[in-house]
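Some notes on the structure that comes next.
The values are calculated or read from the model by the stated rules, or taken from the named source; none is laboratory data. Given the structure is predicted, the values throughout are model-derived calculations rather than measurements. Only protein heavy atoms, including side chains, enter the accessible area calculation; ligands, DNA and RNA are left aside. Shrake-Rupley method; radii C 1.70, N 1.55, O 1.52, S 1.80 Å.
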Amino acid sequence: MTMIRIMAYGLAAMLGLFSSQLLAEGGAYQIELIIFSQAMSNTEVFEQTASQIKWPSALTELSAYKKPDATTLDDSYAALAKDSAYRPILHVAWVQPIEGGGVIAPVHIQGAGGKLDGYVQLQHDQGLQMTVDLELGSDFDGGSGKAVIYRLNEKRFIKLNELYYLDHPKFGVVVKISPL
């Protein structure tokens with residue numbers, strides 16, 4: 001009797017671990033981003049002056065998706081806004097339906113007077129992966145008189161309902177993806 005109870009608890013625990021993933025696969029995700037610049041000292045030299053994003057063929061505009069009823073990163077956005085080392089650029093959230101095939105349509109992200117451009121994409125491929133490819137244009141680099149573009153390009157495995165921070169010396173992204 002004790003062995004059966006232990007096995008039942010083990011099975012229940014395993015199902016609990018995967019329940020949010022299973023729920024999302026049948027419905028939609030809420031995706032929320034905060035993008036901010038950071039005024040941290042750094043010694044890196046940035047020389048990119050033209051976009052290097054490899055744009056996906058089926059890019060969907062953010063405006064095509066429903067906005068969620070509530071957002072979860074409002075306190076994080078407020079904390080960034082109060083700290084003089086950071087300048088919030090964009091706080092967006094959307095509900096993205098899940099379609100078959102494993103790849104979820106990439107979403108076009110724009111903001112900051114045309115200086116921010118890029119996309120976010122999710123993919124089910126042996127786990128949930130997130131690709132973020134964003135570029136933020138500066139006014140001038142100071143030395144050459146040319147505008148510099150800072151690029152944050154990351155692909156990583158993620159867990160639902162967890163907070164992720166993607167870092168670049170000049171800007172950062174806070175991301176949270178939740179099942180609906």
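Would you please state the base-10 log of I(q)/I(0) at q = 0.12, 0.25 1/Å for region 35-104, with intensities from the Debye formula using one equal scatterer on every alpha carbon?
Debye intensities relative to I(0), on a log10 scale: -0.58, -1.13.
Carbon-plus-sulfur fraction of the accessible area of region 39-180, 1.4 Å probe, in percent?
Roughly 49 percent of what the probe reaches on region 39-180 is carbon or sulfur.
³J(HN,Hα) across region 29-41 via Karplus (A = 6.51, B = -1.76, C = 1.60, θ = phi - 60°), whole Hz, x for Gly/Pro?
Coupling constants for region 29-41: 10, 9, 10, 10, 10, 10, 10, 9, 8, 10, 9, 8, 5 Hz.
Determine the per residue accessible area of region 41-180 with all protein chains present and a 1.4 angstrom probe, expressed in square angstrom.
Result: 56 Å² per residue.
Taking a ≥ b ≥ c as the square roots of the Cα gyration tensor eigenvalues, with a/c under 1.5 meaning rounded and otherwise prolate when a/b beats b/c, else oblate, which class fits region 58-180?
prolate
For a quick check: with amide H placed at 1.01 Å from N, whose amide H comes under 5 Å from TYR150's, ignoring anything fewer than 5 positions away on the same chain?
The answer is LEU136, GLY137, SER138.
Taking amide H atoms as placed 1.01 Å from N in the peptide plane, list the residues 5 or more away in sequence, or in a different chain, whose amide H sits under 5 Å from that of ILE109.
It is GLY118, TYR119, VAL120, by chain and number.
Give the cross-link partners of LYS115 among the lysines, using a straight C-alpha distance below 28 Å as the criterion and excluding same-chain residues fewer than 8 apart.
Once the sequence-local lysines are set aside, what remains near LYS115 is LYS54, LYS66, LYS67, LYS82, LYS146, LYS155, LYS170, LYS176.
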